[in-house]
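The structure appears right after this line, and notes come after that.
The values are calculated or read from the model by the stated rules, or taken from the named source; none is laboratory data. Keep in mind that this is a model prediction, so the values were computed, not measured. Here Cβ is always computed from backbone atoms with ideal geometry, including for glycine, and neighbour counts include all displayed protein chains. Note: accessible area is taken over every heavy atom of the protein model, side chains too, but ligands, DNA and RNA are not part of it. Shrake-Rupley method; radii C 1.70, N 1.55, O 1.52, S 1.80 Å.
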Amino acid sequence: MSDEEKLHLASNAAQLIAQEAQGGAYGLNLEGTTATNTVGTSNRGGMIIDLTVHGRAAHSGSEPEKGRDAVVELAHKIIQLTALTNLQEGIHVNCGRITGGISENIIPDQATTSLGIRFRTLTQRDQLLEQIRQIAHQHVIPETTTDVTIRTQIDSLEATAAVQQLFANLDRAAKELGISPLIAANDGGSSDAGVLYAQGVPCIDGLGVVGGAAHTDQEFASVHSLVKRATLIATLICTKDAKKTPR
């Protein structure tokens, strides 16, 4: 799995990309796409967040009343967290991993869920963070506490005027190659285009290899599409329009 697929969780690659992007005229992100004439002018941002509930351990047979069950408390929170999902608005909260407890005869004193979060706008991101923190601070089981840790995040790419102008420049380059009209797609995933966008650099996403069935054992890519995509990118870079992209 590439580092970008987990939002650069295990490296400082996002920070390095952001540093290199400073002062850039525009960005081209070579994420894969499903059709030769489709590119991305917006996509979702993402976060990986840990919620860890701290309770109190006790013997589940002889002194269960002395325990404060972190797993049960987390279970209540997971129901509230997943309810934040609004697919029509592009918001998805996925409790992708759950850990907790050490033995069947011990009241668990700790439990964690790792959230995979997607959002379309930075406003949505900020609202989600506030809602997650509110859920963390409300407790069903007394004397439990909850920590919220943002492990990594990538901003969304939004179709601003500068991004739309860059798309228009790319579309003109495509016409020269006979592959126009291009289609501006809204990708549901996250990518490094969001890192550039956060630095004020307009970006086009989905300029990589054409393929499909992503993240399955049926995933495929078209070798022939690599030549077409490389030619489109080179044509844009060489055109005078590219140098006029507004910031």
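Using a simple charge model, +1 on the beta-carbon of Lys and Arg, -1 on the beta-carbon of Asp and Glu, nothing else, what dipole does the stretch 168-247 show about its Cα centre, in debye to the nearest 20? Write out the running numbers ahead of the final one.
Numbers: 8 positive and 8 negative charges, 113 e Å.
Value, rounded to 20: 540 debye.
Ignoring ligands, DNA and RNA, how do Cys95, Cys238 rank by accessible area with a 1.4 Å probe, largest first? Spell out each step's value before the answer.
On the way: Cys95 30, Cys238 110 Å².
So the residues, ranked largest to smallest area, are Cys238, Cys95.
Rounding to the nearest 20 debye, state how big the charge dipole of the stretch 1-109 is about its Cα centre with +1 on each Lys and Arg Cβ and -1 on each Asp and Glu Cβ. Mind showing how you got there, number by number?
Values: 7 positive and 13 negative charges, 31 e Å.
That gives a dipole near 140 debye.
What do you reckon, how do Phe220, Phe119 stack up by accessible area (1.4 Å probe), largest on top?
Numbers: Phe220 120, Phe119 0 Å².
In descending accessible area the options line up as Phe220, Phe119.
With a 1.4 Å probe and all protein chains kept in place, how much accessible area does Ile79 have, in Å² rounded to the nearest 10?
120 Å²
What ranking of Ile233, Ile102 comes out by heavy-atom accessible area, probe 1.4 Å, highest first?
Numbers: Ile233 30, Ile102 150 Å².
Largest accessible area first, the residues go Ile102, Ile233.
Which value in deg cm²/dmol, rounded to the nearest 500, describes the helix-derived mean residue ellipticity at 222 nm for the chain, given -39,500 (n - 2.57) per DSSP H run of n ≥ 4 and division by the residue count? Working shown, then result.
Details: 6 runs with 77 residues, N = 247.
Computed ellipticity for the chain at 222 nm equals -10000 deg cm²/dmol.
Please list 3J(HN,Hα) in residue order for the stretch 117-123, calculated via the Karplus relation 6.51 cos²θ - 1.76 cosθ + 1.60 where θ = phi - 60°; whole Hz, with x for glycine and proline.
Whole-Hz 3J(HN,Hα) from phi for the stretch 117-123: 10, 10, 8, 8, 10, 5, 4.
I'd like the accessible area for Arg44, computed on protein heavy atoms only with a 1.4 Å probe and all protein chains in place. Round to 10 Å², please.
Using a 1.4 Å probe on the heavy atoms, I get roughly 40 Å².
Can you tell me the accessible area per residue over the chain, all protein chains present, probe 1.4 angstrom, in square angstrom? Intermediate values should be presented prior to the final figure.
On the way: 12790 Å² over 247 residues.
Spelled out: the 1.4 Å probe surface of the chain, per residue, equals 52 Å².
Report, please, the projected area of the stretch 4-94 averaged over directions, based on the convex hull of its C-alpha atoms, in nm².
Values: hull surface 40.8 nm².
Approximately 10.2 nm², given one-decimal rounding.
Put +1 on the Cβ of every Lys and Arg and -1 on every Asp and Glu Cβ in the chain; which of Ala198, Leu129, Ser11 then has its Cα farthest towards the positive end of the dipole?
Ala198
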